[in-house]
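To keep things clear, I will list the structure first and then write my remarks on it.
Computed from the coordinates by the stated procedures, all read-outs in this text should not be read as laboratory data. The model shown is predicted, which means the values in this text are computed figures rather than measured ones. Positions of Cβ are backbone-derived with ideal geometry, glycine not excepted, and every protein chain shown enters the neighbour counts.
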Amino acid sequence: MGLYRMDTLLRQARSQKIALGAFECWDSINIQGIAKASAACKTPVIFQATPMEYEPMGGPAALTNMVQFYVEKYGIDAALHLDHGGTLEQVEDCARNGFTSVMLDASAACFEENVRLSAAAAEIAHAANISLEAELGHVTGGDGGEDADSALTVPAEVVEFVRRTKVDCLAVSIGTVHGEYRGKPELHLDLLAEIASLVDTPLVLHGGSGTPIDQLHKAIKLGITKINICTDIHKAFLAGIAEAQATLTPSLAGNFYRPAAAKMTAKTEEMIRLFSTEVK
Ligand SMILES: [Zn+2]
């Protein structure tokens, strides 16, 4: 039980032919739900947050304390990860404050700039004995944003990127989007197979929400070991809030989050089970 380096948990998962869910954290209610779901499934889980999510909670140290509390309360194995760190200062801040993994996302920059920033982030992470995730290719979208700047991972760049950056976990762009899909989701599984044949670095899929489970299972079989889930649990949580607004009076504010917590926890449990069912 406790918080571990994310790459350690991912390598274990890979040896069991499963993937771990990485769930976005925004408050203590949703963090407790993720911990409960992990305990119910007896499967490790990754708590992750972007600066936009942890700043309103009081910063990285506040999030670490919260996550640590629920990890101990439910006796689970977990990692705490910075999702989409945008600057080396954010990486440093999380490394100093108890995160066990960080992402530096320079995937929108050119290859050389991505290498330079990811290598610098790896140095910070490794000095703190935590893992670094970086992204090659660019998964775009989110909140109905434009998909135009999405770029698939180029296999010819993968080996050089991993060698020069010393990244521990590699996020790849194989057809997922952040947020809601506009068209029909179609993962480029041949591309994933090619990337997985080039490196043994654990591979990460951003934008897991809304991707058909048969495609996710094929991706897990080919090497995806971490699947990021944000939109699906947000939607479950907000559906619970809507239910509470429709049925509760303001004087019952203490019960306000109950339906949201229940729906989000159930959704998280469902996703963890789907990802940890060994794919034949
Ligand atoms: Zn992402």
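Spacing of the modelled spin labels on residue 62 and residue 110, each 7 Å from Cα toward Cβ, amounts to 4.0 nm. Computed from the C-beta positions of residue 159 and residue 218 and an R0 of 22 Å, the FRET efficiency is 0.40 to the nearest 0.05. Does the stretch 204-260 classify as rounded, prolate or oblate by the C-alpha gyration tensor (a ≥ b ≥ c root eigenvalues; a/c under 1.5 gives rounded; else a/b over b/c gives prolate, otherwise oblate)? In terms of gyration-tensor shape, prolate.
Counting neighbouring beta carbons within 10 Å and listing from fewest to most, the residues 118, 15, 101 come out as 15, 118, 101.
Inter-label distance, residue 88 to residue 55: 2.1 nm, where each label sits 7 Å from its Cα along the C-beta direction. With the helix formula -39500 (n - 2.57) applied to DSSP H stretches of n ≥ 4, the chain reaches a computed 222 nm mean residue ellipticity of -15000 deg cm²/dmol.
Quickly rank 67-77, 195-205 as a protection proxy: mean count of other C-beta atoms within 10 Å, highest first.
Working: 67-77: 17.7, 195-205: 20.8.
Ranking the peptides 67-77, 195-205 by packing returns 195-205, 67-77.
Can you pull the Kirkwood radius for the chain, inverse mean 1/r over Cα pairs, to one decimal in Å?
Numbers: mean 1/r = 0.0533 Å⁻¹.
This gives a value of 18.8 Å.
Shown for the chain are no DSSP H helices, since none reaches 27 Å along its axis, judged by Cα atoms, with a mean Kyte-Doolittle hydropathy of at least 1.0.
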